[in-house]
Structures are given as C-alpha cells and as structure tokens.
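Have a look at the structure below, then the notes.
The values are calculated or read from the model by the stated rules, or taken from the named source; none is laboratory data. In this text, all values refer to a predicted model and were calculated from it rather than measured experimentally. Backbone-built Cβ (ideal geometry, glycine too); neighbour counts: all protein chains shown.
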C-alpha cells in the first residue's frame, strides 16, 4: 500500500507578539485548507509564551537572541519542508527560508525591493502592508496555496494553567467579581499617554462605574516608572497586576474582563481574540492596520475628539498627548450605551 503524502509547511513569523496574534487567522485558514498537513511555526523567543495558545500548530521552533541556535538551524535544514511561508520579510527570515530548501518558498512582493532577500524565494505575493489591515495582509500570503482571503477570527485557546494564574492574580489584587483591565504601557515609550490622564480615567471607572481596575504591565523599569507616575496621581485604590502575569495569564485576565483599556500593544489583540469590550488608544501608529475589528471595540486616535468610525491607510501620526481625557471619558460612556447587555452599570 502506497504511503500517504504528508505536506510539511514551515511558517516564519519573526516579529513581535501582536504580529503573531494577528497571524492566527492565517494559521487557522491554513489548517482548515490542509487538515492533514504538518505545520511548523518559527517565532522569536519573546513570543514563545504564546505558543501553547496556538492550536493549529504541530511544532514550534524558537529563535533565541545571543545564542548559537544550532538545533533550530539544523531543523530548518533537515525538516524536509514542502512549502515555506515567510510572513516576516527581513534578512533573518530570508536566510531561514533558504535554509529550509522547500521547493516552494513564498513571501511578499515588496521583498523583491531587496536584491539579496529576494534570492531566497521563488514565489511572491502582491499585498500592500499599508493598504490592508494586518490580518488581511497575512491572509493574502496564502493565495498561492489556493486559499482565498475571507473573514477568519483571531483564535487563541488558553490552557487551564493560564486561567488559574489569572484567578490568583485577581485574588492577590483584592478583586472579586467584575473588573477592568487597564494596560497603560508598551515596549515603545513614544506610545505612552499622560500619567495624570490615566489616573483620571481609572478614578472615573472605579468611582463612577464601580469597577475595580487591575493595572497590568511588564517588569521593565521604564514601564514601572510610568505606572508609578500614574499611581502618584490616583485618588482611588491601586490594584497592581503588573509584572505578575505571563502572556497567557494576561490573555485570560482580558478574556474575563468587563472592560479593557489599553494602548496600541498586544492587549488590544487579546481583546480582539475574545471580543472583550475595549477602548484602544492610538497615537504614533495608524489604527488602520492594527485596530480591533469587532463590535465591542472603540478606537481613539490622537487628534480626534470622537472614536473613529472610518479608517484611512494614510493618516498623520500625532503624539498621544493630543488625546484628551474628555475624549476617553466620552468613549467609555459611548461604549456602555452601545452595549446595553454588557455587565457595566
């Protein structure tokens, strides 16, 4: 009896956490189109914690900074991959694609602008990173495999230990029942909002809506300094969840939150995955390509007094300091009015 052909597909996504989350619709579409295929995903080490929530992947390879990565490179060479999909488009991913020796090595058309990178590939997909939402841009890369762009959800499956960690963090913060997750920080300080305004928003949510705010963030000193500045202006209780949640525990906290308030960072995309009622703050980054696209989300863009209802691929960035406290308070009121069944007073 002849053996059954098992297609082996290598997926290269060597970018930040948010980029990886917004690749999950493409992973799901790929799995649905090729249910018997073996999918190998290669990610950066800062995304490794997200891998247990990606049910469509059979194998994960992790690139570690300042390490030899000998096992990773050997696996790329000996993996016997039939297809390599490079969602990244940088020098490292081009090198990894070439090492894979896959007969079909697929990436973006814009990679051809690099004389050296283009040599690693033999198929190119024309899709503008500026003219498309990131989810749609990722789905376009599947075209050569006969998969047309369609609406596919952001999909994360949280393991039980993530839920347990989230429950423990809430208990330690003294929160029992409904709550808001407030995530004021990101890895990029230019995206930060004014501490006094964050404090005013937290005071409003806790004082007027009666929802305790769990403030989350990383252990990074520049982010902790930002949180200390917010706390110094606060008049209501401080519920500290910063530095206590790994990626999946943070996702679980957001999944069960009554409301999510965050910057343009990974929590925005966790909110998208679970359709958590959310308000996302954008300034230096155009929300056209990164915004949450569900009906329980509002997007605020610096320089605009109201939540955006129309998004343009080209927009002038503004410092987040141009976003007023009144605009955010108005969005909170608007969201509660639009969600009469949501558990917000």
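Just one residue in the set 224, 208 is in the same structural domain as residue 321 (by TED's automatic domain parsing), without any contact (Cβ under 8 Å) to a residue 24 or more places away in the chain and under 22 Å from residue 297 (Cα atoms); that residue is 208. Scoring residue 291 on the criteria (1) free of Cβ contacts under 8 Å to residues at least 60 places away in the same chain; (2) over 20 Å from residue 196 (Cβ atoms) leaves a single failure, condition (1). Looking across the stretch 188-207 at every residue that is farther than 17 Å from residue 330 by Cα and surrounded by 19 or more Cβ atoms within 10 Å (Cβ to Cβ), the one that is modelled with the lowest pLDDT is identified as 191.
In the stretch 143-161 there is at least one residue matching the filter, namely being in contact with a strand residue (DSSP E or B) (Cβ under 9 Å, 6 or more places away or on another chain), at pLDDT 95 or above and within 28 Å of residue 286 (Cα to Cα). Annotation: of all residues in the stretch 133-159 being without any contact (Cβ under 8 Å) to a residue 60 or more places away in the chain and assigned to a helix (DSSP H, G or I), the one that is nearest to residue 250 (Cα to Cα) is 136. When the criteria are applied in full, residue 187 fails the requirement of being touching a residue at least 60 places away in the same chain (Cβ under 8 Å), within 30 Å of residue 242 (Cβ to Cβ) and in a helix (DSSP H, G or I).
Take the stretch 1-53 and flag every residue that is in contact with a strand residue (DSSP E or B) (Cβ under 9 Å, 6 or more places away or on another chain) and either more than 30 Å from residue 264 (Cα to Cα) or surrounded by fewer than 19 Cβ atoms within 10 Å (Cβ to Cβ) (or both). Within the stretch 1-53, 6, 7, 8, 9, 16, 31, 34, 37, 38, 45, 48, 51 meet the criteria. Going by what's in this entry, would residue 50 be described as in contact with a helix residue (DSSP H, G or I) (Cβ under 6 Å, 6 or more places away or on another chain) and modelled with pLDDT of 95 or more? The answer is yes for residue 50. Residues that are touching a residue at least 40 places away in the same chain (Cβ under 8 Å), over 19 Å from residue 141 (Cβ atoms) and either surrounded by fewer than 19 Cβ atoms within 10 Å (Cβ to Cβ) or assigned by TED's automatic domain parsing to the domain that holds residue 274 (or both) within the stretch 54-102 comprise 55, 80, listed in sequence order.
For residue 254, the conditions (1) under 20 Å from residue 328 (Cα atoms); (2) touching a strand residue (DSSP E or B) at 6+ places or on another chain (Cβ under 8 Å); (3) free of Cβ contacts under 8 Å to residues at least 60 places away in the same chain all hold with the exception of (3). Restricting attention to the stretch 208-237, which residues are surrounded by 17 or more Cβ atoms within 10 Å (Cβ to Cβ), in a loop (DSSP other than H, G, I, E, B) and in contact with a strand residue (DSSP E or B) (Cβ under 9 Å, 6 or more places away or on another chain)? Once the filter is applied, which keeps residues that are surrounded by 17 or more Cβ atoms within 10 Å (Cβ to Cβ), in a loop (DSSP other than H, G, I, E, B) and in contact with a strand residue (DSSP E or B) (Cβ under 9 Å, 6 or more places away or on another chain), the stretch 208-237 yields 209, 211, 212, 216, 217.
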